[in-house]
Amino acid sequence: MARLAIVGSHAVNGVAAIHTEILKASLFRSFYELWPEKFQNKTNGITPRRWLIGCNPRLTDFLCEKLGPIEQWIRSLDSLQTLKSIGLNDQSVVTKLAAVKLDNKRRFAQLIKRDYKIEVNPEAMFDVQVKRIHEYKRQMLNCLHVITMYLRIKKSPNEPVVPRVVMIGGKAAPGYWMAKQVISLICSVASVINNDPAIGNKLKLIYLENYNVTLAEKVIPATDLSEQISLAGTEASGTGNMKFMINGALTVGTLDGANVEMREEMGAENFFLFGMTVPQVEALRKAGYNPKSFYDKSPDLKVALDAVLRGVFSPSKPDKFKPVVENILCHDFYMLCADFDDYIKAQKKVNEAYLDKPRWSRMALCNIAASGKFSSDRTIREYCKDIWNAHPCEPSVTGNVRAELPSRTINEGKAI
Ligand SMILES: *Cc1c(COP(=O)(O)O)cnc(C)c1O
């Protein structure tokens, strides 16, 4: 179908710079050689009406204090850049930003208590991965990090830890068996960790059920750390990554999809990078990837996978997750074993940054300030100009951006 679509179209675009390069160099190489002029890039964006003003009234108020009324900046989001000069020289600005985040976290903690009967500490790091469950998105890598943290606390109960509430949410396609195994494993690990008195508030794991836009609008404003950990070359763009960025979450992520451009916009010092690059992934595949060799070399990975294999998280049915572990040790198509140690290292840097509250908030401010490029207004303007040859006309409603919001999302200040 993609081939027919290319033949029949006057323009073909990737949805992030790296994705466009992959289309031209690999997936549609021969079409690109035939019709190079057809190929373009249009990096995805998100609407700041829903993903900022609609879902985060308190951050919106904060921004209005610094930048003026919404109308003055919402349609030209690049103007968020001025936040950086305002905020980095004024300690009270980052303090206020931290207070907004904590407020959002407190409200989301109420939802967790109501829906999951779990009490979480709002001061703990809210570490969130919400997206469709798929092997390429590597929720399993996140789950193995949680297991690593859990086993470390069990082994050294007196070591200081940076408390985390890890939340993983998303739906699986009905027939996607492996994805459902991963959901089952996450739930099993959660039940062991959350009911272990030796763990207490040091670590919680919650599987967020029925992840949809309504839940996204609640969890994203309350997130400290956004997990964007797909294998390089597999996520075309991602848009969840952008929603977190504009809401002041920091990202731990790979050089994949729009992460690459997000990191360029905010500066490498404000992004927790790990993992192989696309050329490194290609080289490893070509050389013959053997997950077992990484398992043998990494004590953390070995300990975590062995615990799953021994039935630590499925005591009534120790073999329950054997197929999942075997799949990783024998195939591991998305190479999580190869990226595991670097991921654990990046998570250690995340902890160090979180311990330094002012530094974390300054980084969050830099994320928000640099998020302007990822407004869908910019994306749609590019489609209009470069592909559709569509010209703007005067809108019939002017001057009231709140009128552009779905009315349901204007529940200012209301409890969740
Ligand atoms: C934004 C969004 C997505 C896409 O998330 P990715 O992390 O880019 O895969 C999926 N589901 C919902 C409900 C969303 O709001």
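The values are calculated or read from the model by the stated rules, or taken from the named source; none is laboratory data. These numbers come from a predicted model, not from an experiment. Because the Cβ atoms are built from the backbone with ideal geometry, glycine has one as well, and the counts that use them run over all protein chains shown.
Among the helices (runs of 4 or more DSSP H) contained in the stretch 225-310, which hold 1 or more residues that are among the polar types (S, T, N, Q)?
240-246, 259-266, 278-287, 291-297
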Failed criterion for Leu52 (all others in (1) within 16 Å of the ligand (Cβ to nearest atom); (2) surrounded by fewer than 19 Cβ atoms within 10 Å (Cβ to Cβ) hold): (2)
Candidate set: the stretch 79-132, residues that are of a type in the set (Gly, Ala, Ser) and assigned to a helix (DSSP H, G or I); chosen: the one farthest from Arg378 (Cα to Cα): Ala109
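Taking the options Val120, Val128, Val162, name whichever one is of a type in the set (Val, Ile, Thr), within 16 Å of the ligand (Cβ to nearest atom) and within 30 Å of Leu59 (Cβ to Cβ). Write out each step before concluding.
Working: Val120 fails: within 16 Å of the ligand (Cβ to nearest atom); Val162 fails: within 16 Å of the ligand (Cβ to nearest atom).
Unique residue meeting the criteria: Val128.
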Wholly enclosed helices (runs of 4 or more DSSP H) of the stretch 1-47 bearing at least 2 residues over 30 Å from the mean Cα position of the chain (by Cα): 2-8, 29-34
Residue in the stretch 54-72 that is modelled with pLDDT under 95 and not in a helix (DSSP H, G or I) present: no
Where Asn158 falls short, out of the listed (1) touching a strand residue (DSSP E or B) at 6+ places or on another chain (Cβ under 8 Å); (2) part of a loop (DSSP other than H, G, I, E, B); (3) of a type in the set (S, T, N, Q): (1)
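Residue-wise test of (1) among the aliphatic types (A, V, I, L, M); (2) free of Cβ contacts under 8 Å to residues at least 24 places away in the same chain.
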{"residue": "Val128", "(1), (2)": "yes, no"}
{"residue": "Lys131", "(1), (2)": "no, no"}
{"residue": "His134", "(1), (2)": "no, no"}
{"residue": "Arg138", "(1), (2)": "no, no"}
{"residue": "Asn142", "(1), (2)": "no, no"}
{"residue": "Thr148", "(1), (2)": "no, no"}
{"residue": "Lys154", "(1), (2)": "no, no"}
{"residue": "Glu159", "(1), (2)": "no, yes"}
{"residue": "Arg164", "(1), (2)": "no, no"}
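Select from the stretch 270-296 the residues that are of a type outside the set (Phe, Trp, Tyr), farther than 27 Å from Val324 by Cα and free of Cβ contacts under 8 Å to residues at least 24 places away in the same chain and list them in ascending order. Step through it out loud before you land on a result.
Within the stretch 270-296, the subset of a type outside the set (Phe, Trp, Tyr) is 270, 273, 275-288, 290-293, 296.
Those left that are additionally farther than 27 Å from Val324 by Cα: 270, 279.
Once the filter is applied, which keeps residues that are of a type outside the set (Phe, Trp, Tyr), farther than 27 Å from Val324 by Cα and free of Cβ contacts under 8 Å to residues at least 24 places away in the same chain, the stretch 270-296 yields only Pro279.
Which residue is nearest to Asn367 (Cα to Cα), if the candidates are limited to the stretch 18-77 and must be out of contact with any strand residue (DSSP E or B) (no Cβ under 6 Å at 6 or more places or on another chain) and small (Gly, Ala, Ser)? Spell out the reasoning first.
Looking only at the stretch 18-77, we keep the residues that are out of contact with any strand residue (DSSP E or B) (no Cβ under 6 Å at 6 or more places or on another chain), and these are 18-19, 21-22, 25-31, 33-37, 43-44, 46-47, 49-76.
Now narrow it down to the ones that are small (Gly, Ala, Ser): 25-26, 30, 54, 68, 76.
Numbers: Ala25: 31, Ser26: 32, Ser30: 38, Gly54: 19, Gly68: 19, Ser76: 17 Å.
Only one residue fits best here, namely Ser76.
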Leading residue by the ranking (farthest from the ligand (Cβ to nearest atom)) among those in the stretch 234-249 that are within 16 Å of Phe126 (Cβ to Cβ) and of a type outside the set (S, T, N, Q): Gly248
Residue count for the stretch 134-143, restricted to those that are near the ligand (Cβ under 10 Å from one of its atoms) and either outside any loop (DSSP other than H, G, I, E, B) or of a type in the set (A, V, I, L, M, F, W, C) (or both): 1
Matching option when the condition is in a loop (DSSP other than H, G, I, E, B) and either closer than 28 Å to Met242 by Cβ or within 15 Å of the chain's Cα centre (by Cα) (or both), among Ala198, Ala190, Ala172: Ala172
Members of the stretch 208-233 found to be surrounded by fewer than 21 Cβ atoms within 10 Å (Cβ to Cβ) and either β-branched (Val, Ile, Thr) or away from the ligand (no atom under 15 Å from the Cβ) (or both), listed by number: Val213, Thr214
Candidates Ala369, Ala338, Ala364 - the one that is more than 30 Å from Ala99 (Cα to Cα), modelled with pLDDT of 95 or more, in contact with a helix residue (DSSP H, G or I) (Cβ under 8 Å, 6 or more places away or on another chain) and surrounded by 17 or more Cβ atoms within 10 Å (Cβ to Cβ): Ala338
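From the list Leu225, Leu284, pick out the single residue that is within 14 Å of Ala338 (Cα to Cα), at pLDDT 95 or above, touching a helix residue (DSSP H, G or I) at 6+ places or on another chain (Cβ under 7 Å) and not aromatic (Phe, Trp, Tyr). I'd like the intermediate steps shown before the answer.
Numbers: Leu225 fails: within 14 Å of Ala338 (Cα to Cα).
That would be Leu284, the only listed residue that is within 14 Å of Ala338 (Cα to Cα), at pLDDT 95 or above, touching a helix residue (DSSP H, G or I) at 6+ places or on another chain (Cβ under 7 Å) and not aromatic (Phe, Trp, Tyr).
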